[in-house]
Each structure stands twice: as C-alpha cells, then as structure tokens.
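Worksheet for the structure shown next.
What follows is calculated from the coordinates using simple rules that are stated; it is not laboratory data. Just so it is clear, the model here is predicted, and its values are computed rather than measured. Please note: Cβ atoms are built from the backbone with ideal geometry, for glycine as well, and neighbour counts cover all protein chains shown.
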Amino acid sequence: MAFEKLTFRSVTVRPVLVPLRRPVVSKVGLFDQWPIILIDLATEEGVVGRSYLEPYLKHSARYIVPAIHDLAEPRKGQAIRPIEDFQNARRALNLIGYEGVSMIAVSGLDMASWDALAKAAGMPLAVLLGGSTGPVPAYNSNGLWLTDVAGLGDDARALVAEGAFKGLKLRLGRDRLADDLAAIDAVRTAVGPDIKLMVDFNQGLSLGDALHRCHALDRQGLYWFEEPITYDNLAGYAQLSRELTTPVQLGENFYGPRALHQALSMGAGDYVMPDLMRIGGVTGWMRAASIAGAAGVEMSTHLYPEFAAHLMRVTETAHWLEWQDWADPILAAPFELSDGFLMIPNQPGAGVEWNEDAVRRYQYDA
C-alpha cells in the first residue's frame, strides 16, 4: 500500500500507568509504575501512525495531552509533512518557549507522523529514512539502581542473561564513595571484566562533589560517566570533560537540536544521548544526528528503544542503544533481543502497535 499523500484526520491520546518489573530507585525518584502517553494519529486514508511518550510523572499527562490536541487541531484536513509540521509547531510555540511541554507535544506528534508515512510507504521506518533494518547494539538499563549493594551481583547476572548483553548501566551517587566502589566491585565480580559498565549519576551531584567523586572513580575502567551534575551546567560538563579520563555522557535533557549544538560547541561532554521526547522526535533526532556527525561525536539513545533502533541505523556516529522494557506491557509485539542486539522487525512503520487489552487495564484519567 502506498499513498501520494496522507491527510491528517484526528488524534487519540491515552495515558496509561504500567507496572515496572524492577522499580526505579535513583536520584530522580522512586517509581514502581511508569506513565506512558499513547498517541494514535488517524489519517483520511485509513493509516494510523503510533507513538508514545514517557513523561516520568503521572500527573504531567494533564498538561501534555491537551497540548498535543491543541497542536493537532490546525492540522486536520492537512497533508502530513513531518518536517514542515515540526517547523510550524515550533513557530507556533515560540512565545511560550521551546522547552518542556512544548517540545514534548511536538515530539509525540512527529514520531506518530513518521510512523504513518512509513506504513503508507510499506517500509520500516529505517528504510524510509534511507537506511536498512538490522541489529542494533544495546546495553541493558533495566536495573542496577541505588539499591542494596548486596543484591547488585544477582541483578547484574540476570540483566546480562536477558539478552546476552555486553553492557549494563549502573547507577551511582550513593552518600559515600566507598559504597559506589562497593557497587562497582559487586557488579564486576558477578559478570566479569568484559562487560561494559555505563554509570549514571542522574544529575545527583554538585559540581564540586562531581569533581571529587568522578576523579576518585576515574581509574575504575568505567565506560562513561553519565549526567553527574544538573543537565544545564554546560560549563561544569566542559570542565569535567577536560579533567577526566573516563568519557562524559550527557544529552537526554537536550531540548531540540540547537541545545546539542551549544553543548558540543562548548566541549561539554565526550558523548551525547538525546531523548526522542525532548530532542524533537524523528525530525529533531535527524537534525541532531547531523550535528553530532559533523563534530565526530558518538551518539547513543535514551529510552524509546523501538523508534530509537530505526534511527540508529541512519545515524552516522551511532553508538549504543539503551534497552529498557518499560513499554513492553502495552506493546502487542515487543522487539526481540539477540546476543546483545535489538532486532528491528521487517514490517512497515516503527513496529509499535498496542496490546489493547493491556491498554484498557492500565489506562487512567489524567
């Protein structure tokens, strides 16, 4: 099936609250359930584009859902053109600012639009974007939280076994340096020296504390230090990047491609990992990927593994995909894992379809 043009008809937005197999225990909060906003973009031609957002906070849906509807209203009856729609939506919101809910709403509609176009073209999203389907290297980010060090070894072994992963994410930033060192040792003892450990501080340190802590951990053979300080302290990130041997990772809180450009121009980080909800969906990612590619900076993903896998196949400096199964409870067919890779299904679109029984079970009123 292929259409010369797809016409926007309507959008349906549903918030759900799904259980987490392993509760999130980090500096950003404690969560045993995870809010997800499902977006169904219907066209006059019968194609439905789908995407989802993960806004962290359950109550944030009461702001994001109306924003999506407001952005969708003037598009009714119009051709779906994601790049033009992205630009028009950004212009429509510049008086209230490009960050926060503004960009999140733009991103959700953008991803659904690209999914619809790929379905109409009968192509996987990666193919529509000029690439191919195939395996994408992934690390497991589903555990190793700021929990009791005694349990981290068992957790690490289970995480590796879930998909024969070659990399894991470990959260650090405990009150005492000794406890962070004990956490690293527990994981290393459990899984061996060849498993890469990407460590995430979730913005939990002040700059001074980060300088002390990261210098003390700099010879531990860690793969990267992720977000040790607040995301907008770019001067601090530049200082850390200059002083540390371990690469510094940031970017999940970049709102739009220009934020990525600003960080790279300041030398604020060695790696970047945009989040699709904040960078601007597929359109924002592709623009950010061009900037990272021109700078020769490796680019990883944050959340949204299904859409992100397609985009990694067309990203010049593609690095690591963050694997998290948090959306699996409401997906009709979660993506497969094999030997540390996420496998993109050879089907039209991004491969995101809903398990409607689960959606009804977990849906809530915003």
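Between helix 177-191 and the chain there is an angle of about 70 degrees, using the helix long axis and the longest principal axis of the Cα atoms. Most fluctuating residue of Tyr139, Tyr63, Tyr52 in a GNM of the chain with Cα springs under 10 Å: which is it? Highest fluctuation of the listed residues: Tyr63.
Applied to segment 151-163, the Karplus parametrisation 6.51 cos²θ - 1.76 cosθ + 1.60 on θ = phi - 60° returns per-residue 3J(HN,Hα) values of x, 5, x, 4, 4, 5, 4, 5, 5, 4, 5, 4, x Hz, with x for Gly and Pro. At each listed q (0.07, 0.09, 0.13 Å⁻¹), what is the log10 of I(q)/I(0) that the Debye formula gives for the chain modelled as equal alpha-carbon point scatterers? Summing over Cα pairs of the chain leads to -0.29, -0.48, -1.03. Here the Kirkwood formula, the inverse mean of 1/r across different C-alpha pairs, assigns segment 1-158 a hydrodynamic radius of 17.8 Å.
Seen from Ala112, the other residues with C-beta closer than 9 Å to its C-beta sum to a net charge of -2, counting Lys and Arg as +1 and Asp and Glu as -1. Couplings 3J(HN,Hα) of segment 355-366, computed from phi: 8, 5, 4, 5, 4, 5, 5, 9, 5, 9, 8, 6 Hz, in residue order, whole Hz [Karplus 6.51 cos²θ - 1.76 cosθ + 1.60, θ = phi - 60°; x for Gly and Pro]. Extension gain for Gln78 to Asp194 (0.36 nm times residue separation, less C-alpha to C-alpha distance): 36.5 nm. Would you look at the GNM of the chain, springs on alpha carbons closer than 10 Å, and say which of Gln239, Gln324, Gln87 moves the most? Greatest mean-square fluctuation among the candidates belongs to Gln87. Between the amide H of Ala318 and those of Met299, distances stay under 5 Å, these residues lying 5 or more places away or on another chain, with hydrogens modeled in the peptide plane. Principal semi-axes of the equivalent ellipsoid, √(5λ) from the alpha carbon gyration tensor of segment 230-366, are 30, 17, 14 Å from largest down. Springs join every pair of Cα atoms under 10 Å in this Gaussian network model of the chain, and among Ile36, Ile330, Ile83 the largest mean-square fluctuation is at Ile83. Inter-part distance, segment 294-366 to segment 177-248, computed on C-alpha centroids, equals 26 Å. May I ask for the net charge around Val25, where only other residues with Cβ less than 15 Å from the Cβ of Val25 are counted and Lys, Arg are +1 while Asp, Glu are -1? After counting each charged neighbour, the total is -1.
Taking a sphere under 11 Å around the Cβ of Ala332 and counting the other residues whose Cβ falls inside, with K and R at +1 and D and E at -1, yields a net charge of -3. Calculated FRET efficiency, Leu17 to Leu177, Cβ-Cβ distance, R0 = 35 Å: about 0.45 to the nearest 0.05.
Amide H contacts for Phe254 (H built 1.01 Å from N in the peptide plane; partners 5 or more residues away or on another chain; cut-off under 5 Å): Asp275. A Förster distance of 30 Å, applied to the separation of the beta-carbon atoms of Leu207 and Leu95, puts the FRET efficiency at 0.35. Rounded to the nearest 500 deg cm²/dmol, what is the calculated helix-only ellipticity per residue at 222 nm for the chain, with -39500 (n - 2.57) per DSSP H run of length n ≥ 4? Result for the chain: -11500 deg cm²/dmol, rounded to the nearest 500.
In terms of overall dimensions, segment 92-142 has a Cα radius of gyration and Dmax of 15.3, 42 angstrom. Around the amide H of Met123, modelled in the peptide plane, lie the amide H atoms of Gly349, all under 5 Å away and 5 or more residues distant in sequence or on another chain. With a Cα cut-off of under 26 Å and a minimum spacing of 8 residues unless on different chains, the lysine pairs in the chain number 10.
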